[in-house]
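First the structure, in the form of structure tokens, and then the observations on it.
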Amino acid sequence: MIRRDIPRWLFWLLAIGGVAVLLGAYEMLAARATRTNPLQTTIPSFEMLVKGLNKIFQPQGEPENPKSPMFWVDMRATLSRLIIGMGIGVAASVVVGVLMGAYRWIEAPLFLSFKFLSKIPQIAMLSIYFNIFETGEVLFTSLVALGIFFSMTQSIYLAVRQDVSDEAINKAYTLGASEFEILYEVIWKQILPKIIDNIRLQTGPAIIFLLAAEMAVANAGLGYQIRMQSRILNMSIVFVYLAILAFIGLIVEWGLDTLRQKLCPWCVD
Amino acid sequence: MSEYALEIKSLSHVFGSFRVLDNIDLQVLPGQIVAVVGPSGCGKSTLLKAILGTHPPTHGEILTDGMPVRGPNRNVGIVYQNYALYDFLTAEKNVSFGLKMDETSMWMRFLATRKYFAKRRDHLKKSLDFLNVVGLSEACGKYPHEMSGGMKQRVAVAQAFIMRPKIVLLDEPFGALDEAMREDLQMMLLRFYQENLIAKREGRRPEYTILMVTHELNEAIYVADRVIGLSRFHTQGEQGAAIVYDRPCPVFRPDDPRDFSKFVEQREELRRAVFDENYIKDRNQYVTFWKELGTLANSVAGI
């Protein structure tokens, strides 16, 4: 029967079993490829992945003049671009989205162009951003910020229109609130869960823009390293980097979920 | 301070070529509970929105406590049928929301000064006291999604009255509630009315002045001390809805038995004067409140 519940222990047993089957199938595939060609690196075994993991944490350069391990250099580059870009993009989206939702005279000149721009896949805009910002750190942060700006502004604007009723606003006026107080004490607080959800939803696309740009023009970062290592078929490092990206995604999701629960205990799904 | 809590002078409202309200004149004294009834689409909500200040009238003027209404403001409280509570605040904080807006500034809140926390403690205490008045002290820590419809409506009533506005508008306040909840909340309004009577006897200005839109005739007569009927069924009906009924109602105490048979006659008169489209009469035929006021005052004094 559809949606019939199963015991909790069985659910988790099947969940762990699913992961085990996936890992087992991968190891079998890797063993088969190695039997055919013992020097292959396209489907690395777990042993090779562990070696790859060790390698990315090894100091680089000459032993007498060691440099930071590859992992930290790339992580530092990617995370700083992502955090700064997302910070700017989210802040701008919140300000413009809230104002568009609150004031018709701001909404009117912006909503058509924002609706149009939010429909353009931002990855397709990369070539334009490359021309506008040229290369350098400004390029990466700008494209992350602009990549999320239009669609997030659109979502926040709609959240203000739909989640904050006219009654709630009129009532706030009757309770003595000023316009700025309504913007902050009523609108901002009401849509805060939507803002956090939007940040979570936009993190994935933001990472995609950033990796695509890093693959094209960076000289450090996860995207750059994935491209460089895949060119020399060093898949043991590429796969480790992919796993790291998955972990970053999980940590961001967990962090934002926790933040939402802490800041918005009233919000029930 | 004006003699009237609310004064409407020659108010008319036109939507395009459709005249909704025609030449409405109304004065409400402090401490009155006025019920507004009328057929669907007669302009009750338009009148309410005009008094609230969100939809200014095409012609005429509205004054609350002598001050012209230019938009939603502190003088006019509102309780909506859908409660319109702030989802992100507990009952206690919903009720104290207005006090916070009114008595603290954004700077004070951001800087979280000692003065701000002292004020907040005071606000939350007042809020708890008011939740006691509406019989909801046990729910002070609950969020709106954790409360029943009746509880939410009590919070909404407390939220409006704690600000001591000149008049509170109730927009079909009990329409979404079950019968038991309705009765509880009607009792609450009767208790407010009793407090008004005590205040009048003691020479104080009554605190609870209410204009309530309802579609329930029994509720209108039972809870209010004055009923107003808005309707287009009068000799100049093509010019828009007007006040065709304005009479006092019998006053009930909260502990009186709910005996609706006591006002069957008035209910039928109201039904005929306001809702019967075949009964076209002079618009002033049943507008006799001020003439009867002397009698009403005597009956109130008798209580």
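Values quoted throughout were computed directly from the atomic coordinates according to the rules given, and no laboratory measurement underlies them. Predicted model only: the values in this text are computed from it and were never measured. Glycine gets a Cβ as well: all are built from the backbone with ideal geometry, and neighbour counts include every protein chain shown.
For the reader, a short list of remarks on this structure follows.
- Cβ crowding within 10 Å, taken as a proxy for footprinting-reagent exposure, orders B:H59, B:H123 from fewest neighbours to most as B:H59, B:H123.
- Over the stretch A:51-126: Rg over Rh, Cα atoms, Kirkwood Rh: 1.30
- Taking the fewest neighbouring Cβ atoms within 10 Å as the starting point, the ordered list for A:I191, A:I182, A:I251 is A:I251, A:I182, A:I191.
- Nearby lysines by direct alpha-carbon distance to B:K152 (threshold 17 angstrom, same-chain neighbours under 8 apart not counted): A:K171, B:K93, B:K142
- Viscosity 0.692 mPa s, 37 °C: Kirkwood-radius Stokes-Einstein D of the protein assembly as shown over Cα pairs, µm²/s: 114
- Taking trypsin sites (Lys or Arg not before Pro) across the stretch A:119-183, the ones in a DSSP loop with at most 13 further Cβ atoms lying within 10 angstrom of their Cβ are A:K119.
- For B:K9, the aspartates and glutamates whose Cα falls under 13 Å of its own Cα, not counting residues fewer than eight places away in the same chain, are B:D22, B:D25, B:E61.
- Exceeding the 31 Å Cα-Cα cut-off - candidates B:K166/B:K281; A:K194/B:K166; B:K49/B:K281: B:K166/B:K281; A:K194/B:K166
- Counting beta carbons within 10 Å around each of A:L259, B:L230, A:L23, B:L47 and listing the fewest first gives the order A:L23, A:L259, B:L230, B:L47.
- Rounded FRET efficiency, nearest 0.05, which uses the C-beta distance separating B:E292 from A:E179 and R0 of 60 Å: 0.85
- For the stretch A:109-172, the set of GluC sites (Glu not before Pro) satisfying both a DSSP loop assignment and a count of at most 12 other C-beta atoms within 10 Å is given as A:E134.
- For the stretch B:177-259, chymotrypsin sites (Phe, Trp or Tyr not before Pro) meeting the loop criterion (DSSP other than H, G, I, E, B) and having at most 10 other Cβ atoms within 10 Å: none.
- Only beta bridges with both residues in the protein assembly as shown are counted; by DSSP, about 50 percent of them are antiparallel.
- Relative contact order computed over the stretch B:1-98 (Cα-Cα under 8 Å; 6+ residues apart), in percent: 29
- Taken as entire DSSP H runs, the helices of chain A that both span 27 Å or more between Cα atoms along their own long axis and average 0.0 or more on the Kyte-Doolittle scale are A:8-36, A:70-102, A:137-163, A:189-217, A:235-263.
- Length-normalised contact order of chain B in % [C-alpha pairs under 8 Å, at least 6 apart]: 23
- Where only C-alpha atoms are counted, convex hull volume of the stretch B:84-239 per residue in Å³: 166
- For the stretch A:47-102, the relative contact order is 19 percent, taking Cα pairs closer than 8 Å that sit 6 or more residues apart in sequence and dividing their mean separation by the residue count.
- The alpha carbons of the stretch B:1-142 give a radius of gyration and a Dmax of 18.8, 57 Å, in that order.
- Gaussian network model of chain A, Cα within-10 Å springs - most flexible of A:I106, A:I56, A:I195: A:I106
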